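Trainee: Before we start, here is the structure in question, set down as structure tokens.
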């Protein structure tokens with residue numbers, strides 16, 4: 001009986017994870033196609049690909065859904081993701097603008113000056129950056145939820161880029177030069 005209960009619990013849990021992952025790799029309601037990217041703000045490849053991915057979303061007028069996936073070997077990316085979540089609370093656009101700003105300055109940033117760069121961004125957007133950005137850990141929980149979602153999907157590197165649709169299976173884009181063709185095929 002105990003083994004049966006444990007087996008049932010495991011099946012229900014894994015079914016919930018599979019459903020969660022599957023819903024993350026579908027276009028949002030009202031969109032036929034979208035781009036989903038799992039990124040690390042300290043990742044050089046993410047910095048290189050982010051403008052191309054954003055441009056594709058603008059050209060095709062499709063949603064770009066960004067997920068935080070800070071890698072353990074990057075010593076400031078997790079904190080940057082928390083800062084990005086803070087700016088998300090101001091507006092989703094501001095959070096995305098912060099991510100782009102961090103990518104633009106990535107080569108200049110190290111753990112000791114990340115806060116300085118973040119304060120400059122906040123000041124330029126007329127936002128007060130509190131001393132304690134995430135005192136209850138809610139923003140860290142959101143970053144961790146994105147990371148865990150990525151792990152359930154099977155992501156182990158960044159950037160991981162998907163073109164998703166409402167009706168067709170998702171497609172991982174491993175060569176960003178093929179992004180436009182992949183979007184065309186998904187439409």
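Trainee: Quick check: anything in region 37-58 over 22 Å from residue 138 (Cβ atoms), touching a helix residue (DSSP H, G or I) at 6+ places or on another chain (Cβ under 9 Å), surrounded by fewer than 20 Cβ atoms within 10 Å (Cβ to Cβ) and modelled with pLDDT under 95?
Mentor: Checked region 37-58: no residue is over 22 Å from residue 138 (Cβ atoms), touching a helix residue (DSSP H, G or I) at 6+ places or on another chain (Cβ under 9 Å), surrounded by fewer than 20 Cβ atoms within 10 Å (Cβ to Cβ) and modelled with pLDDT under 95.
Trainee: To continue, here is another question. Out of region 79-136, which residues are within 25 Å of residue 159 (Cα to Cα) and outside any helix (DSSP H, G or I)?
Mentor: Matches in region 79-136: 91, 109, 110, 111, 112, 113.
Trainee: Taking the residues in region 177-187 that are surrounded by fewer than 18 Cβ atoms within 10 Å (Cβ to Cβ) and in contact with a strand residue (DSSP E or B) (Cβ under 8 Å, 6 or more places away or on another chain) as candidates, determine which candidate is modelled with the highest pLDDT.
Mentor: 185
Trainee: Of everything in region 25-48, what is part of a helix (DSSP H, G or I) and touching a strand residue (DSSP E or B) at 6+ places or on another chain (Cβ under 7 Å)? Give them in sequence order. Walk me through how you get there before you give the answer.
Mentor: Filtering region 25-48 for residues part of a helix (DSSP H, G or I) gives 44-48.
Correct list: 46 only.
Trainee: Still on this structure: Out of the residues in region 49-78 that are in contact (Cβ under 8 Å) with a residue 12 or more places away in the chain and in a loop (DSSP other than H, G, I, E, B), state the one that is nearest to residue 180 (Cα to Cα).
Mentor: Among them, the one singled out is 62.
Trainee: Here's something else I'd like to know. Checking the condition under 22 Å from residue 85 (Cβ atoms) and without any contact (Cβ under 8 Å) to a residue 24 or more places away in the chain, which residue from 184, 141 passes?
Mentor: 141
Trainee: Residue 15 passes all but one of (1) in a helix (DSSP H, G or I); (2) at pLDDT 95 or above; which number fails?
Mentor: Here residue 15 clears every test but (2).
Trainee: One residue is enough: does region 125-147 have a residue meeting the conditions modelled with pLDDT of 95 or more, under 21 Å from residue 57 (Cβ atoms) and touching a helix residue (DSSP H, G or I) at 6+ places or on another chain (Cβ under 6 Å)?
Mentor: No: zero hits.
The values are calculated or read from the model by the stated rules, or taken from the named source; none is laboratory data. Since the model is a prediction, treat every value here as computed from it, not as a measurement. Note: ideal-geometry Cβ built from the backbone for every residue, glycine included; neighbour counts use all protein chains shown.
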